[in-house]
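Report on one structure; see the data block that follows.
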Amino acid sequence: MRTLPAAAATTTTASAATPPPTARKVPAVPVTPAAHDSDPQVAAALFAAWSGDRFVCIASPPGAGKTRLITHLAEQLHRRAGLNVAVAAQTRAQALDVANRAASVCAQPEADAAGGSGGLIADPVVALLGKGKVRPAGLNPQATHIAADKLRGRHGIVVATTARWHWTDTATWSADVLLIDEAWQLTWADLLALGPLAPQVVCVGDPGQISPVVTGSTQRWQSWGAGPHTPAPDALASVYGQDVTHQRLPRTWRLGRQTTELLQPIFYPPCPSPPLAPTAG
């Protein structure tokens with residue numbers, strides 16, 4: 001079980017007297033409760049990650065809030081536990097989306113113990129890791145763009161594609177927790193290559209998606225549950241069994257009831273009941 005770092009625990013009292021140099025004063029604005037205060041699925045995932053569970057796999061139907069979960073986990077694990085968080089996405093577009101949404105969440109004032117806003121917003125803690133110095137178009141102004149040679153000493157949340165992380169020297173920078181978006185699109189071989197990046201892994205994804213596309217022959221591993229071509233969360237369950245913490249997001253907010261009832265028996269047979277979307281009226 002992790003405990004709140006001493007530095008984080010004293011931030012509120014210290015900043016009340018003298019704001020730290022890395023923060024800027026902003027007008028007090030209304031704040032909403034943190035996501036885990038109102039969403040039991042976010043709370044459960046945060047509890048597992050904060051508790052230090054080595055492997056956490058969170059299955060989700062389409063439109064259930066996978067990226068929302070990833071961004072709130074990253075923000076809370078960094079803001080409250082003081083952890084370095086790496087996020088691995090499977091495409092550049094996904095990485096850009098995660099970085100933008102995480103930057104927006106991290107820039108929001110957080111309610112203090114009395115329910116009000118502390119009024120302090122930390123300097124950007126979200127970074128998108130890319131190649132070269134050209135800032136991608138559409139990157140949130142509250143996020144920064146860095147190259148791998150600028151990672152040393154970086155503290156915060158760093159988002160990149162899996163391919164980019166594979167080329168990152170972990171002797172230069174490593175994370176406390178690795179969050180993987182769209183994890184069922186990641187092969188077991190690629191997850192193993194990410195192993196040195198962080199000692200703790202949280203996989204979030206859709207088990208009903210098409211398995212990762214592998215161009216080589218996989219015949220020799222067809223009877224093995226942890227073949228290098230296997231979706232990473234499935235291989236984790238095969239290799240580590242009960243050491244893997246399993247959770248799920250039970251409800252889709254994107255698909256209508258009829259579409260959900262049609263797809264659920266085909267692509268999500270392990271579900272004890274259909275992850276139905278709410279209906280109007």
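Can you give the FRET efficiency to the nearest 0.05 for A147 and D243, using r as the Cβ-Cβ distance and R₀ = 25 Å?
With a Förster radius of 25 Å, E is 0.10.
In nm, what is the difference between 0.36 nm times the number of residues separating Q222 and Q108 and their Cα-Cα distance?
My answer for the length gained is 36.3 nm.
Can you list residues whose amide H is under 5 Å from L186's amide H, if they're 5+ apart or on another chain and H is modeled 1.01 Å from N?
Distant-sequence amide H within range of L186: A232.
Please list, ordered by chain and number, the residues whose modelled amide H lies under 5 Å from the amide H of L249; skip anything fewer than 5 residues away on the same chain.
Amide H neighbours of L249, under 5 Å, 5+ apart: A59, S60.
In whole Hz, with x marking every Gly and Pro, tabulate ³J(HN,Hα) for the stretch 54-61 from phi via Karplus 6.51 cos²θ - 1.76 cosθ + 1.60, θ = phi - 60°.
Per-residue couplings from phi come out as 5, 10, 10, 10, 10, 8, 8, x Hz.
What shape does the stretch 183-229 take by its C-alpha gyration tensor, where a ≥ b ≥ c are the square roots of the eigenvalues and a/c under 1.5 counts as rounded, a/b above b/c as prolate, and the rest as oblate?
Cα axes put the stretch 183-229 in the oblate bin.
Here, each number is a calculation from the coordinates, and none is a lab measurement. Computed from a predicted structure; not experimentally measured. Note that each Cβ is placed from the backbone with ideal geometry, even for glycine, and that neighbours are counted across all protein chains shown.
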